[in-house]
């Protein structure tokens, strides 16, 4: 009987460590090591915390087919990838998010987003935001960028140039937050 208990405890301990190893935690937010997008597997590249005025706003993770620390290559690449965001504060309102992303498009160092594409993207965020909301921006080559909030697809914005502009908000030469960019690139 003791052997069975010891074996069960050993099995539970090993099994627990594998499940822990499968998640990456940043600022209290856990991200899976792998995600499925368009029926293909992407792997966690890195994540970081977006802060402003000493307030934690959201945590953002980058998922790629292969790990990379080259922001320019990631932005320019016509490959399956995603940015997954989880809000960690109720200070991130829908209006503030839209304003920040609009400013990001103006500063975008790569790609071009037309006013119609930006409107289509922004119109997807009509509902209020709250702490714990999850926003996924998944780019699928040949189809465009799928915008999901809490698991629900809100819109799809076609085009590689739009994806380049969108991803450069976080990874470009003038990112929203330099520390967040380093975290997403796995440089922290």
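Every number here is computed from the coordinates shown, using simple stated rules; none is lab data. Quantities reported herein were computed from a predicted structural model and do not represent experimental measurements. Ideal geometry is used to build each Cβ from the backbone, glycine not excepted, and the neighbour counts take in all protein chains shown.
Cβ crowding within 10 Å ranks 81, 184, 69 as 69, 81, 184, fewest other Cβ atoms first. With contacts taken as Cα pairs under 8 Å at a separation of at least 6 residues, the range 27-184 carries a relative contact order of 25 percent. Here the sum of -39500 (n - 2.57) over DSSP H runs of 4 or more residues, divided by the residues of the chain, equals -11000 deg cm²/dmol at 222 nm, to the nearest 500.
If R₀ is 30 angstrom, what is the calculated FRET efficiency for the pair residue 91 and residue 187, using the beta carbon separation as r and rounding to 0.05? Before the final figure, lay out the partial values.
On the way: r = 27 Å, r/R0 = 0.89.
In this case the efficiency is close to 0.65.
Could you state the angle between the C-alpha long axis of helix 2-21 and the longest principal axis of the C-alpha atoms of the chain, as a value from 0 to 90 degrees rounded to the nearest 10? On a 0 to 90 degree scale, this one is about 10.
Would you please give the FRET efficiency between residue 106 and residue 34, computed as 1/(1 + (r/R0)^6) with r the Cβ-Cβ distance and R0 = 45 Å, to the nearest 0.05?
0.85
With Cα atoms defining each centre, the range 23-41 and the range 59-117 are spaced 16 Å apart in the structure. FRET efficiency for residue 51 and residue 130, Cβ-Cβ distance as r, R0 = 25 Å, nearest 0.05? The computed FRET efficiency comes out at 0.85.
In this simple spin-label model, placing a label point 7 Å from the Cα along the Cα-to-Cβ direction at both residue 27 and residue 78 gives a separation of 3.4 nm.
Seen against the Cα atoms of the chain and their longest principal axis, helix 94-107 is set at about 70 degrees. Relative to the dominant Cα principal axis of the chain, helix 160-171 is inclined by about 60°.
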